[in-house]
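Bear in mind these aren't lab numbers, they're just calculated from the coordinates by the rules spelled out. Note that the structure is predicted; figures quoted are calculated from it, not measured. A quick note on method: Cβ atoms are made from the backbone with ideal geometry, for glycine too, and the neighbour counts reach across all protein chains shown.
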Amino acid sequence: MADPVSTKLDTRFSNPRAEATSWGEALQALEQAELFWVTTVRADGRPHTTPLVAVWSDGALYFSTGLGEQKEINLRNNHRVILMTGRNEWDQGLDIVVEGDARRVEDRSQLERAATVWSAKWDGRWSYVVTETGFEHPNDPDHTQVLVFAVRPERILAFGKGEFSHTSHRFS
């Protein structure tokens, strides 16, 4: 998946002069974002939201979590997630919402590519050792397992501020 199958400005929620946010602009925001918020669904249907770092690689957003963390527990039963990033200013910047399924990554070559992107994006501040089941932190004497998930978007919403645009990029 490289490009959306459709891009549409939702004029109901956009300024009359607004233009759709291009896929290139939305992709740049995903690649450069330092912080994302992930929302998963608990077994009883309640949402759970927490901040994390994520990277864009191979047409997906990758994030990691420890075994037994609430988001990992939630993902055992429900793969539906939303990842959000953006700016807290009302009238400038771009907010992005990614909708899709989070699937566990265990393919070694895919994990290696993701680890390389993480290290490059974060200048080595977030670096991982690839294992047979995910990642480990390089200086962890306990070799704590870090699970890796990839979200291939079904839909990405881009909310432009200033001209206030609401763009939907659909992938399936």
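Look at region 61-101 and say how many of its residues are small (G, A, S), crowded, with 18+ Cβ neighbours inside 10 Å and over 21 Å from E136 (Cβ atoms).
The number of residues fulfilling the criteria is 2.
I need a count of the residues in region 13-30 that are surrounded by fewer than 12 Cβ atoms within 10 Å (Cβ to Cβ) and without any contact (Cβ under 8 Å) to a residue 60 or more places away in the chain.
2
One line per residue, one yes/no per condition, for (1) without any contact (Cβ under 8 Å) to a residue 24 or more places away in the chain; (2) part of a strand (DSSP E or B); (3) surrounded by fewer than 12 Cβ atoms within 10 Å (Cβ to Cβ); (4) of a type in the set (G, A, S):
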{"site": "L111", "(1), (2), (3), (4)": "no, no, no, no"}
{"site": "T116", "(1), (2), (3), (4)": "yes, no, no, no"}
{"site": "S119", "(1), (2), (3), (4)": "yes, no, no, yes"}
{"site": "D123", "(1), (2), (3), (4)": "yes, no, yes, no"}
{"site": "S127", "(1), (2), (3), (4)": "yes, no, no, yes"}
{"site": "E132", "(1), (2), (3), (4)": "no, no, yes, no"}
{"site": "P141", "(1), (2), (3), (4)": "yes, no, yes, no"}
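Every residue, every condition in (1) in contact with a helix residue (DSSP H, G or I) (Cβ under 8 Å, 6 or more places away or on another chain); (2) farther than 19 Å from I96 by Cα; (3) in a strand (DSSP E or B), yes or no:
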site	(1), (2), (3)
R12	no, no, no
P16	no, yes, no
E19	no, no, no
A26	no, no, no
W37	no, no, yes
T40	yes, no, yes
D44	no, yes, no
W56	yes, no, yes
Y62	yes, no, yes
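Name the residues in region 143-162 that are without any contact (Cβ under 8 Å) to a residue 60 or more places away in the chain and closer than 30 Å to D91 by Cα, would you?
Within region 143-162, E154, R155 meet the criteria.
Might you let me know whether region 77-87 holds any residue that is touching a residue at least 60 places away in the same chain (Cβ under 8 Å) and assigned to a strand (DSSP E or B)?
yes
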